[in-house]
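Undergrad: Structure incoming, see below.
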Amino acid sequence: MKFPNKMGVVLLNLLALALVVYAVGLVFTSNFNMGNLLVWLLAAAVAGYAVFRKPLNVWFSHGVGRVVLVLLCAGLAVQVGIIGFLAVSGYADRPTGQEQVMIVLGAGLRKDKPSSLLRMRLDAAYTYAAQHPELLIVTSGGQGRDEAVPEGTAMREYLIQKGIDPARVLAETKSTSTEENFEFSLDILRGYGVSEETPIVYVSNAFHCYRAGRYAEKAGFARAAALPARTPPRSLLPCYLREVFAVLYFWVFKTSESGFMHAMVGVLSLNKRFFYK
């Protein structure tokens with residue numbers, strides 16, 4: 001943890017300043033949510049170390065402090081490793097062009113308009129759907145407390161306005177999680193002759209594709225490919241930090257419908273305004 005030269009200290013201070021400015025910006029552009037909380041904690045930790053570097057280095061050098069340091073380093077290594085895994089795995093399982101159904105996963109609205117995160121999903125979905133006119137499309141997402149309409153409805157309208165035939169686009173409007181996106185979409189698709197064996201492609205931002213794929217499998221889809229969309233640059237840090245914990249939670253509980261976090265669904269995502277602009 002020691003910085004042996006002045007350049008290292010300068011870089012530490014610059015990093016702390018950048019994180020604090022970024023975290024303060026979140027206060028004015030969004031309300032409380034899990035991704036923002038993790039950014040705030042990270043900014044506080046780095047800034048705290050920058051200010052109290054010398055006494056902390058002494059404490060970290062022996063006894064309990066050394067144990068804490070080892071645990072912190074191990075936790076950081078796990079976090080960085082999972083972020084790398086998510087960044088790479090988001091581009092695995094790409095579509096082959098043989099898929100018959102596309103499921104576009106919701107990601108928040110600004111009243112009745114898609115957020116920037118969601119627009120990137122929808123734009124990727126539109127491009128692929130335009131190239132494959134035989135695809136049946138499901139836009140999947142319920143209505144959040146700060147949203148004027150269900151996400152699935154707004155997503156359907158967005159694709160239609162871009163030129164997709166309305167007859168091709170079905171809206172799923174009751175889901176509140178990725179897990180439900182697939183479960184409820186499959187319920188609708190069964191009415192159109194689609195089964196679990198039908199090859200599908202789902203659309204999400206790259207950081208989310210791994211976990212989305214696991215929930216597609218859990219819902220019963222036997223052949224599910226991923227179409228990764230980009231993530232807005234300013235959303236990368238909170239999205240990836242949050243997804244690390246979401247993946248760890250999934251690996252432990254295998255579902256979003258159980259575990260200690262289930263009761264907090266909605267509480268840690270009160271507002272999504274940061275991703276809107």
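Undergrad: Please give the helix 116-131 orientation as an angle from the longest Cα principal axis of the chain, in degrees from 0 to 90, rounded to the nearest 10.
TA: Approximately 40 degrees, to the nearest ten.
Undergrad: Still on this model: Show the residues, 5+ positions off or on another chain, whose built amide H is closer than 5 Å to the amide H of G144.
TA: E151
Undergrad: With a ≥ b ≥ c the root eigenvalues of the C-alpha gyration tensor of segment 101-231, is it rounded (a/c under 1.5), prolate (a/b larger than b/c) or oblate?
TA: On the way: a/c = 1.34, a/b = 1.21, b/c = 1.11.
Cα axes put segment 101-231 in the rounded bin.
Undergrad: Of L109, L37, L76, which has the largest mean-square fluctuation in a 10 Å C-alpha GNM of the chain?
TA: Judging by the Gaussian network model, the answer is L76.
Undergrad: Full-extension gain between F253 and Y49, please, as 0.36 nm times their residue separation minus the C-alpha to C-alpha distance. Could the numbers behind the result be given before it?
TA: Values: separation 204, 0.36 × 204 = 73.44 nm, distance 3.39 nm.
70.1 nm is the gain from fully extending F253 to Y49.
Undergrad: Using only Cα atoms, find the angle between the long axis of helix 151-161 and the longest principal axis of the chain, and express it within 0 to 90 degrees, rounded to the nearest 10.
TA: Orientation of helix 151-161: about 60 degrees from the principal axis.
Undergrad: In terms of modelled amide H atoms, which long-range or inter-chain residues lie less than 5 Å from the amide H of D112?
TA: A148
Undergrad: OK, next. Against the longest principal axis of the chain, how steep is helix 178-190, in degrees 0 to 90 to the nearest 10, with axes from Cα atoms?
TA: 10
Undergrad: Rounded, prolate or oblate, given the Cα gyration tensor of segment 6-77, with a/c below 1.5 counting as rounded? Show your work: numbers first, answer last.
TA: Numbers: a/c = 2.80, a/b = 1.56, b/c = 1.79.
Verdict is oblate for segment 6-77.
Undergrad: A follow-up question, please. Can you pull out the trypsin sites (Lys or Arg not before Pro) in segment 1-109 that DSSP calls coil and that have at most 14 other Cβ atoms within 10 Å?
TA: On the way: sites: K2, K6, R53, R66; in loops: K2.
Of the trypsin sites (Lys or Arg not before Pro), the ones in loops of segment 1-109 whose Cβ has at most 14 other Cβ atoms within 10 Å are K2.
Undergrad: With 25 Å as the limit, write out which pairs from K174/K218; K162/K254; K162/K218; K113/K162; K113/K174 have Cα-Cα distances beyond it, or answer none. Display every interim value, and only then the final one.
TA: Values: K174/K218 18 Å; K162/K254 37 Å; K162/K218 32 Å; K113/K162 14 Å; K113/K174 17 Å.
Going by Cα-Cα distance, K162/K254; K162/K218 fall outside the 25 Å limit.
Undergrad: Only Cα pairs within less than 10 Å get springs; with that Gaussian network setup on the chain, which residue of A224, A107, A16 has the largest fluctuation?
TA: Looking only at A224, A107, A16, the biggest GNM fluctuation is shown by A16.
Undergrad: Antiparallel DSSP bridges in the chain: what percent, to the nearest 5?
TA: Numbers: 3 of 23 bridges.
Antiparallel bridges make up about 15 percent of those DSSP assigns within the chain.
Undergrad: Another question, then. Restricting to Cα pairs below 8 Å that are 6+ residues apart, what does the relative contact order work out to for segment 171-247? Please round to a whole percent.
TA: Numbers: 81 pairs, mean separation 22.9, N = 77.
It rounds to 30 percent for segment 171-247.
No lab work stands behind these numbers, since they all come straight from the coordinates. Only a predicted model underlies this, so the values are computations on that prediction, with no experimental measurement involved. Counting neighbours? That spans all protein chains shown, and the Cβs are built from the backbone with ideal geometry, glycine included.
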